[in-house]
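The values are calculated or read from the model by the stated rules, or taken from the named source; none is laboratory data. Remember, it's a predicted structure, so these values are computed and weren't measured experimentally. When we count neighbours, we look across all protein chains shown, and the Cβ atoms used for this are built from the backbone with ideal geometry, even at glycine. Quick note on the areas: whole protein, heavy atoms, side chains included, nothing else; ligands and nucleic acids left out. Shrake-Rupley method; radii C 1.70, N 1.55, O 1.52, S 1.80 Å.
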Amino acid sequence: MTAVLHDLIALEDEFGAHNYHPLDVIIERAKGVWVWDVDGKKYLDCLAAYSAVNQGHCHPHIQNALVSQAQRVTLTSRAFRNDQFPRLLERLHAISGFDQALLMNSGAEAVETALKAARKWGHVVKGIPEGRQHIIACENNFHGRTISIVSFSSHEEYRAGFGPFTPGFTLVPFGDAEALERAITPDTCAFLVEPIQGEAGIVVPPRGYLKRAEEICRKHNVLLIVDEIQSGLGRAGAMFAYQLERVQPDAITIGKALSGGFYPVSALLARREVMGVFKPGEHGSTFGGNPLGCAVAIAALDVIVDERLPERAAQLGAYFMGLLRTIVNPVIREVRGSGLWIGLQLHEPARPYCEALMARGVLCKETHDTVMRIAPPLVITRDEIDWAFDQIRNVLERR
Ligand SMILES: *Cc1c(COP(=O)(O)O)cnc(C)c1O
């Protein structure tokens, strides 16, 4: 390890909270699918900041939007109007078909907004007595880190020591629509679900699951809220992963790639009846809908559409997964995924393999111990996939 690397790691350990366990690579600059460390060593990024940089690092179109907007106006607060916010709203409507959007910053805030909308809709529209509204989510979910969101996490590490928790949530097994139906009561206002569970290890549910969940939700007048923060905006091989099952949720949350990695922007998109429960003063965020974030998000959406990233993800993902399935090693339990969102499930901890890959110039990160997540920026080329595959095969076949 070089001196500068060592010093920076020591500083981070000394003065930063230890709430992450990063690989010891210190990235100094990035372009497209490539990142460079402080020693000038180059790596192919196969994590893409948990799908926040689907457009590739430092995409020039988004960069220009950021810089030129930063020279005009960056923040007005929603006390006043700004010229970028309505343009983004119109764009989100055009891309998704949802009636209305509410802009926030982080993904967790978008999910919190969805939970508030669902509870209020449950009371005001469905007529559930105030304080009794109840939301169903899935085991092994990941929806963010706020107290209310970890209140319905089944991951002990996310919860230990953070109680007391927010009541009003129940969990059902992911992929089991009948369990969802059994869990519904007259007080249920919403079912919150990831179309493919990302943090749980790229877990793809049985075919037809989301469709069946939609039917059950309709039958019981329960909102179907799909968390597309990681799966959406091209990653899974469609603009939104729910489209792969031809369902129509009542609301979705988006974030991450909504800004192409430049600036935190998230949103709840919903039907008018759901969004309509918010009246002036009832919910908000100082930075939510700010002109800098909106200009960046418009440009980030331009790139997804103009460069046909969902189609690229579908085609290149199928190609990459096909290559990965040719690796022969009993340590591999399963190769699964959707689009350029691939989980290599191993029989043992994935961390040593991620470290070996880092040494060969490929960055990826284990999730839930035994899964290697492979999710490069969607602008990756076939040649770059071939090169990444050679490194992965070498690391996996070497042992
Ligand atoms: C990352 C993620 C979140 C949380 O987003 P943050 O920006 O980290 O708050 C929520 N839901 C899903 C599905 C995610 O992948």
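Just a few scattered comments:
Results for (1) part of a loop (DSSP other than H, G, I, E, B); (2) open to solvent by less than 70 Å² (accessible area, probe 1.4 Å); (3) modelled with pLDDT of 95 or more, shown as yes or no for each residue.
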| residue | (1), (2), (3) |
| --- | --- |
| ASP24 | yes, no, no |
| ASN64 | no, no, yes |
| ARG72 | yes, no, yes |
| ARG81 | yes, no, yes |
| ARG91 | no, yes, yes |
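- Just one residue in the set ILE184, ILE229 is under 18 Å from the mean Cα position of the chain (by Cα) and open to solvent by 10 Å² or more (accessible area, probe 1.4 Å); that residue is ILE229.
- Matching option when the condition is open to solvent by 30 Å² or more (accessible area, probe 1.4 Å) and either farther than 25 Å from GLY339 by Cα or of a type outside the set (Lys, Arg) (or both), among ASP39, ASP45: ASP39
- Counting only helices (runs of 4 or more DSSP H) that fall entirely inside region 102-175 and contain at least 2 residues that are surrounded by fewer than 20 Cβ atoms within 10 Å (Cβ to Cβ) and within 14 Å of the ligand (Cβ to nearest atom), the qualifying elements are 147-150.
- Output for region 16-36, where each listed residue is farther than 16 Å from ALA49 by Cβ and more than 21 Å from the chain's Cα centre (by Cα): GLY16, ALA17, HIS18, ASP24
- Candidates ARG246, ARG212, ARG272: the one that is touching a residue at least 60 places away in the same chain (Cβ under 8 Å), assigned by TED's automatic domain parsing to the domain that holds ALA300, more than 11 Å from the ligand (Cβ to nearest atom) and more than 20 Å from SER51 (Cα to Cα) is ARG272.
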